[in-house]
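Scroll down for the structure; my scribbles are underneath it.
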Amino acid sequence: MTFRQLAYRNVLRNRRSYAAFLMASVFSVMVFFVYSMFIFHPLFEEEGLQLLAVRGMFIAEIVLYVFTLFFLFYSMSAFLQARSKEFGVLMHLGMTKKQLSKLVFFETLILGAASTAAGIALGFAFSKFFFMVGREIMALDYLPLYVSWKPFLLTIAAFASLFIIISVISVGFIRTKRIVDLMQGYWKTEEATQVSGLLSILGLVLLGSAYVLAAMVSDQTVYQMVVIVPPLATLGTYLFFTHTIHFLLNIYKKKKSIYWNKTRLVSLAEASVKLKDSAQMFFIVTIVSTVAFLTVGTLASFTSYTGDYRELNPLSLIYISFESDNQENEHISQLVAQLEQKELAYDIAPLKIKRQTSEFSGNVVDILKASEFNRLAYTLGYETVNLNKGEGLFIPYSKESLSQLTHSEVQTAFMESDVPISISTVYPHILFPSHTLNFNSIVVSDSDFEDVSEPLTGFSQGESDFTYYAFHIPQWTETIGIGNDLAMAMEKAVQAENFQHVNFFFENPGDDYHWFKSSFALLLFIGLMVAAVFLLAAGSFIYFKLYTGLERDRKQYLLLVRLGMTEKELGKIVNRQLIPQFFLPWIVALMHSAFAFISLQVVWDEFAELSILGEMALVLVGFTIAQILYFFLIRWRYVSHLQAS
């Protein structure tokens, strides 16, 4: 039998232990290959949403590669530790360390080749499905399946190099071991767990501090907390699993009336040993799970923004003409022609806006005429206003401003035109996006509006006034492409920082909505795939720990059966050993994510005043259900292996 044949038989013989490793590796290769198929697609141009897709998936591939490297490194080291007796026997029979290293190298390459081939095959088989999803997300007319050597070569080269690196590194674990150490086996953990009381308390303090800081974050401190909280939580998590848990278990063991109770003694004694040995694994699973939760949760929160986008942008098209805009009529006619060409119903409400300085606050105020404002309100289906001479009405620019202005009363005057105004009410709806009008905007009666005859201080007659064209289009999401030339002219002026020939402002919320919705959906699609790899790997870490100690656990199980333990009692012992391994890091990850989402909510409040509670709850509940199902699956397999003679 050659070394290659021996390596092949070893892989087949240990296929049960390698199952989770292969599954996670194959899935990683499949995701990597699918992203490569998107990146090299010949229809993707370097612009717009296609550019976002290419860049997003390229970054995701880098993250996948680095994480898979770490995952394989950890899992291979666990497998080699679990097979230490086997390696000890081989070396005792005369196999040299060089030959043993060669054997491990061949085994790793066999696993790598099988994972890469299966992942590429599955990736190509499901590429058509992913292209269909991508086509819908990016609103492309078609996104056909294609065949190119580039995705295959990139995937093979990436994972071939990755498995070679792991093969070389894995060999190092064996070379440093003596035969006597290998023959003793993997499990040499002492029953007594030495922990530091100081570090145990420090772990709780760090976690508590991180949670308090995250809960108390504000608009002013949110960006500082992003730098401070993660290191505190990470270090606190590590100390929690390496010291705090064992410190609490030791306290619990001292209460003999509780500890010395039926199967509880056996369960906790064994759990204490396994918790000590699995401390670093718990830390890794917690961090990986938290990253996965935050990735999906953050991207899912974007859907809240797209859901409330229409409420924050009630107008369908916006065109603002300033004093020196000589193409005003031409541009409006062009927009109308494009709407009619698409057979979209529309209504235009032009508003003349004047600017004055408020005597009360000293700020610049945008002034709207009541009759023109009422036309727009009626078009949008909102109530009209009735103002007497000398009365004014606040125009809210956000939900927060609406609540703040509800109980505000102001007696002021327009300094330039000396027009007194009393303002005591606010319009109950948001009609204008905040960036298109001044934060200080009011509606006045027609007679007061006509009395405002002087320009804003520092401007000549008419220079401070502008015309606001508000378009209402019932099918506002169908306005994609309308006014593209105006938007491009504005974009070029911004890039060149030259607005000499651009004396207008144009915005197409329907087009922007399509961009936001498609971009967020695409990012969520990318993030879900990466998070799935993370969570599968996190579950695999637990799987590895269970099966590396399976031989020892089976011996203990048989011993307990001989001592007279019933099947029900054995079930309790198994549950008390498995539940902490599955759900302890999961619960800590959920806690980390919950407080991180509190900080994220502050960011969203500052940006768009949105609530992401529903999305966050859906993400956490969904992942928890998946973990529970995974627990029952692994428990079933674990118990069946224990009971196998």
Review point. Can you tell which of I245, I228 is within 20 Å of M281 (Cα to Cα), modelled with pLDDT of 75 or more and under 36 Å from the mean Cα position of the chain (by Cα)?
Key: I245
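Residue-wise test of (1) in contact (Cβ under 8 Å) with a residue 60 or more places away in the chain; (2) in a strand (DSSP E or B).
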| site | (1), (2) |
| --- | --- |
| E323 | yes, no |
| E330 | no, no |
| S333 | no, no |
| L344 | yes, no |
| I348 | yes, yes |
| I353 | yes, yes |
| S361 | yes, no |
Practice item. State whether one or more residues within segment 370-383 are assigned by TED's automatic domain parsing to the domain that holds D446, in a loop (DSSP other than H, G, I, E, B) and over 44 Å from the mean Cα position of the chain (by Cα). Key: no
Practice item. Would you mind finding the one in T155, T193 that is buried (at least 17 other Cβ atoms within 10 Å of the Cβ), modelled with pLDDT under 70 and either within 28 Å of the chain's Cα centre (by Cα) or of a type in the set (S, T, N, Q) (or both)? Key: T193
Exercise for review: Can you confirm whether segment 109-126 contains a residue that is part of a helix (DSSP H, G or I) and modelled with pLDDT under 75?
Suggested key: no
Exercise for review: May I ask you to list the residues in segment 591-609 that are over 17 Å from L235 (Cα atoms) and either of a type outside the set (A, V, I, L, M, F, W, C) or at pLDDT 80 or above (or both)?
Suggested key: A594, F597, I598, S599, Q601, D605, E606, E609
Review point. Any idea how many residues of segment 483-533 are among the polar types (S, T, N, Q) and either within 29 Å of the chain's Cα centre (by Cα) or surrounded by 15 or more Cβ atoms within 10 Å (Cβ to Cβ) (or both)?
Key: 4
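The values are calculated or read from the model by the stated rules, or taken from the named source; none is laboratory data. Just so it is clear, the structure is predicted and the values come from calculations on it, not from any experiment. Glycine gets a Cβ as well: all are built from the backbone with ideal geometry, and neighbour counts include every protein chain shown.
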